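A.B. asks: The structure that follows is given in the form of structure tokens.
The values are calculated or read from the model by the stated rules, or taken from the named source; none is laboratory data. These numbers come from a predicted model, not from an experiment. Cβ coordinates were reconstructed from backbone atoms using ideal geometry, including for glycine residues, and neighbour counts include every protein chain displayed. Quick note on the areas: whole protein, heavy atoms, side chains included, nothing else; ligands and nucleic acids left out. Shrake-Rupley method; radii C 1.70, N 1.55, O 1.52, S 1.80 Å.
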Amino acid sequence: MEKEEVLNGIYRCAKCKLCTITSFHPREELFPICPSGEYYGFQAFYAPGRLEILKGILDDDIEESDELLKIIYSCTLCGACYEKCKEITKVDLNFSEIFEEMREIAVEKGWVLDAHKDLIEKIRETHNAYGEVQSRYQRKEGDILYFVGCTSRYREKEISESMIELLDKLNVNFQILEDEWCCGSTLLRIGQVEEAKELIEHNIDEIKRSGAKTIVFTCPGCLMTFKKNYPQLNVELLHSTQFIERLNPNLRLKNLGIGVTYHDPCHLGRHLGIYEEPREILSKIANIKEMKRNREQSWCCGSGGGVRSAFEEFSSWSARERIKEARGVADTLVSACPFCKHNLNDNSDGMKVYDVVELVNRALE
Ligand code: SF4
Ligand code: SF4
């Protein structure tokens, strides 16, 4: 973004703070939607405050400090403020992108969190965000490629295992890259654009060599990164729920007889506009009840934007808030993102948490 474009966004903010709460009917209870502002409690941690801080940085009026780094990096880039501001002001300024831009400027100045330096080092050494020795799959056939992603591969393995089983049950010929590297999302979200380049170039080469025509993702973060940062690839990009919906007429699904509520992952919902496919699928296999904060006004699980690795307490608090809300409407919480599942599960206090593909795999007759 050009400096003028960013300043334009900053000057347009009327400081009304309506981007911090839901927009239900005025007589209803209003809920918070900005996790970082709600947790830290100071204006600087809400969108309008962050915009002022950014202006200070652009004008060279602010010096580096621990507090400043906390403000810059504690935003989960969930996009809730953007959706709400757009609805009220009709001005389309993507705050997630603007706050990501703020991080790029911070990185240029050398303002990097120690926790993020560790993360960068891990990715440099192992090409995944968890510092794990690379696991390999032997799947090499077909026009469809399943891009597994770091969290499904190394932490929430039930998701990748369910996706593979599901594809096998449906006789889909598919491949998995033998040498898949992190898509770069984690680095890009924390402003490390230069660090992400090698990962992106590697994956592009591997995918071109594979000859795949469609790539399916269980991770919305990977999908969004491919859409934004892999322009050289001329292939179809689909989230698992879009792919399953496409197969829908051929699926024989049994109803699992469970009550569930659906948590919209920020990357899938607000950032990619995919709200209905997961709900369509779930409605065929379970009884869905909505939480009050859903779709554009969902509450973030608290893990995105490099927050989980740097501000664990805040990240866990945000997940617990979501779990509390989910418990009020159902016994089981379902999402469609490995990173959401990871954080929600770690803070679930016994509540069952699944990804949509796990339940679909179970429901396939
Ligand atoms: S809703 Fe928009 S104009 Fe109002 S404070 Fe938030 S960012 Fe600023
Ligand atoms: S992107 Fe999310 S966490 Fe960041 S300021 Fe906006 S609402 Fe708050």
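A.B. asks: Determine whether residue 134 is part of a loop (DSSP other than H, G, I, E, B) and in contact with a His (Cβ under 9 Å, 6 or more places away or on another chain).
C.D. replies: Working: part of a loop (DSSP other than H, G, I, E, B): yes; in contact with a His (Cβ under 9 Å, 6 or more places away or on another chain): yes.
For residue 134, the condition - part of a loop (DSSP other than H, G, I, E, B) and in contact with a His (Cβ under 9 Å, 6 or more places away or on another chain) - is met.
A.B. asks: When you go through 179, 168, 205 one by one, which is the residue that is surrounded by fewer than 24 Cβ atoms within 10 Å (Cβ to Cβ) and in contact (Cβ under 8 Å) with a residue 12 or more places away in the chain?
C.D. replies: On the way: 168 fails: in contact (Cβ under 8 Å) with a residue 12 or more places away in the chain; 205 fails: in contact (Cβ under 8 Å) with a residue 12 or more places away in the chain.
Just one listed residue meets the conditions, 179.
A.B. asks: Which ones in region 2-16 are open to solvent by 40 Å² or more (accessible area, probe 1.4 Å) and under 15 Å from residue 91 (Cβ atoms)? Explain how you work it out, then say what you get.
C.D. replies: Here is the first cut: in region 2-16, the residues open to solvent by 40 Å² or more (accessible area, probe 1.4 Å) are 2-5, 8, 11-12, 14-16.
Answer for region 2-16, where residues must be open to solvent by 40 Å² or more (accessible area, probe 1.4 Å) and under 15 Å from residue 91 (Cβ atoms): 5, 8, 11, 12, 14, 15, 16.
A.B. asks: Conditions first: (1) crowded, with 22+ Cβ neighbours inside 10 Å; (2) in contact with a Lys or Arg (Cβ under 6 Å, 6 or more places away or on another chain). Residue 286 passes all but one, so which condition is the exception?
C.D. replies: (2)
A.B. asks: Going through region 246-277 one residue at a time, which ones are closer than 21 Å to residue 332 by Cβ and part of a helix (DSSP H, G or I)?
C.D. replies: 276, 277
A.B. asks: Counting only residues that are polar (S, T, N, Q), buried (at least 24 other Cβ atoms within 10 Å of the Cβ) and away from ligand 2 (no atom under 13 Å from the Cβ), how many does region 308-337 have?
C.D. replies: Just the residues of region 308-337 that are polar (S, T, N, Q), to begin with: 309, 315-316, 318, 332, 335.
Next cut, buried (at least 24 other Cβ atoms within 10 Å of the Cβ) only: 315, 318, 335.
Checking which are away from ligand 2 (no atom under 13 Å from the Cβ) leaves us with 335.
Of the residues in that region, 1 qualify.
A.B. asks: Could you list, in sequence order, the residues of region 119-142 that are modelled with pLDDT of 95 or more, surrounded by 14 or more Cβ atoms within 10 Å (Cβ to Cβ) and out of contact with any helix residue (DSSP H, G or I) (no Cβ under 8 Å at 6 or more places or on another chain)?
C.D. replies: Result: 122, 126.
A.B. asks: Please verify whether residue 340 is touching a helix residue (DSSP H, G or I) at 6+ places or on another chain (Cβ under 7 Å), under 30 Å from residue 112 (Cβ atoms) and at pLDDT 95 or above, treating the condition exactly as stated.
C.D. replies: It is false that residue 340 is touching a helix residue (DSSP H, G or I) at 6+ places or on another chain (Cβ under 7 Å), under 30 Å from residue 112 (Cβ atoms) and at pLDDT 95 or above.
A.B. asks: Go through (1) in contact with a His (Cβ under 8 Å, 6 or more places away or on another chain); (2) crowded, with 22+ Cβ neighbours inside 10 Å one by one and return the number of the condition residue 305 breaks.
C.D. replies: Of everything listed in (1) in contact with a His (Cβ under 8 Å, 6 or more places away or on another chain); (2) crowded, with 22+ Cβ neighbours inside 10 Å, residue 305 misses just condition (1).
A.B. asks: Next question. How about region 263-285: which of its residues are of a type in the set (Ser, Thr, Tyr) and within 15 Å of the chain's Cα centre (by Cα)?
C.D. replies: First pass over region 263-285, keeping only residues of a type in the set (Ser, Thr, Tyr): 275, 283.
Result: 275, single match.
A.B. asks: Grab the helices (runs of 4 or more DSSP H) fully contained in region 278-365, keeping just those with 3 or more residues being polar (S, T, N, Q).
C.D. replies: Numbers: elements: 307-310, 312-327, 338-346, 356-363.
Ranges flagged: 312-327.
A.B. asks: Could you tell me how many of the residues in region 34-62 are open to solvent by 70 Å² or more (accessible area, probe 1.4 Å) and within 20 Å of residue 296 (Cα to Cα)?
C.D. replies: 1
A.B. asks: Inspect region 4-20 for any residue being under 21 Å from residue 191 (Cα atoms), away from ligand 2 (no atom under 16 Å from the Cβ) and of a type in the set (D, E, K, R) and give the result as yes or no.
C.D. replies: Checked region 4-20: at least one residue is under 21 Å from residue 191 (Cα atoms), away from ligand 2 (no atom under 16 Å from the Cβ) and of a type in the set (D, E, K, R).
A.B. asks: Further, regarding this structure: Among the residues of region 100-112, is any at pLDDT below 95, open to solvent by 40 Å² or more (accessible area, probe 1.4 Å), within 16 Å of ligand 1 (Cβ to nearest atom) and outside the structural domain of residue 268 (by TED's automatic domain parsing)?
C.D. replies: So in region 100-112, the residues at pLDDT below 95 come out as 101.
The next check asks that each one be open to solvent by 40 Å² or more (accessible area, probe 1.4 Å); those that pass are none.
No; the residues of region 100-112 include none that is at pLDDT below 95, open to solvent by 40 Å² or more (accessible area, probe 1.4 Å), within 16 Å of ligand 1 (Cβ to nearest atom) and outside the structural domain of residue 268 (by TED's automatic domain parsing).
A.B. asks: Assuming residue 50 fulfils every condition listed in (1) modelled with pLDDT of 95 or more; (2) away from ligand 2 (no atom under 12 Å from the Cβ); (3) within 21 Å of the chain's Cα centre (by Cα) apart from one, which condition is it?
C.D. replies: Only one criterion in (1) modelled with pLDDT of 95 or more; (2) away from ligand 2 (no atom under 12 Å from the Cβ); (3) within 21 Å of the chain's Cα centre (by Cα) is unmet by residue 50, namely (2).
A.B. asks: Any residue that is within 13 Å of ligand 1 (Cβ to nearest atom), crowded, with 19+ Cβ neighbours inside 10 Å, of a type in the set (A, V, I, L, M, F, W, C) and at pLDDT 90 or above - is there at least one of those in region 17-33?
C.D. replies: Yes, because at least one residue in region 17-33 is within 13 Å of ligand 1 (Cβ to nearest atom), crowded, with 19+ Cβ neighbours inside 10 Å, of a type in the set (A, V, I, L, M, F, W, C) and at pLDDT 90 or above.
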